[in-house]
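Have a look at the structure below before the remarks.
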């Protein structure tokens, strides 16, 4: 039986005189209009594993059971084989991550950015971030193109969703896209950590050079923290010390490129070689704890050459 003492609130019943609506034209003073030849490098939104490293254990996740422990923990999870192991290695973004990815998408839309392609790493955090951007850009965006070269960590590769599986989950994915061949696929067990880092870094640079083809319009690249740091340093022609291990580099990259951080460059191709010029069409998003602005100087070794 319904409780007769409960009243419902209908926004339509509120008189317009009692609401102050924003003048969206004012955003023109905040956001510059995209020129049409940008490449936007986006670090994925906040992962739930960054908030709760033991979230899989605490939610008692298995093939048939899942109990969120906090409002920031995802309310639902896509089914996949070996649920527990898969989500330990390939976690989703948090509920706050979804919100911030949407805000970044709104900002890009306000800049009138009309990407001809959105490339994303295959990790779930990158896929979900790219999907939220795609939603906010609406009809101006194209199907997501899954590019393994944009993923720094390969530990979860066995659990990555295949394009066909993503289509069944409602993702708008380009199943005909052919990824770039990765130099790091040649890595074997005899290579030390520094050599592995070097090979994957080369993949990142090759991906930026190849995918930053803005002849048909702007391009968005969604990657992880290390990928974002590596590519923005390369685009700015700055030296970067990679260190001796992926774990060491990831810790530094997480400081440089916080969740949902983004940077844009105008691209020109004299002699078919991409040249990048920084543009400030993307602004940081502020919140109580600070903002998601990139630290452009952390991780730079100005005493060394950029190229390995």
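What the Kirkwood sum gives for segment 51-92 is a hydrodynamic radius of 10.4 Å, with every pair of different alpha carbons counted. Normalising the average separation of contacting C-alpha pairs (under 8 angstrom, six or more residues apart) by the number of residues puts the relative contact order of segment 51-92 at 37 percent.
Once the chain from residue 195 to residue 181 is taken as fully extended at 0.36 nm per residue, the excess over their C-alpha distance is 3.2 nm.
Overall shape: oblate for segment 46-189, with the ratio a/c of the largest to smallest alpha carbon gyration tensor axis at 1.5 or above and b/c at least equal to a/b. In this calculation the C-beta distance from residue 269 to residue 162 is compared with R0 = 51 Å, giving a FRET efficiency of 0.95.
Placing pseudo-labels 7 Å out from each Cα toward the beta carbon at residue 15 and residue 67 gives an inter-label distance of 5.0 nm. Placing R0 at 41 angstrom, the Cβ-Cβ distance between residue 296 and residue 79 gives a FRET efficiency of 0.50 after rounding to 0.05.
Readers should treat all values here as calculations from the given coordinates under stated rules, not as data from a laboratory. Bear in mind the structure is a predicted one, so any value in this text is a computation, not a measurement. Please note: Cβ atoms are built from the backbone with ideal geometry, for glycine as well, and neighbour counts cover all protein chains shown.
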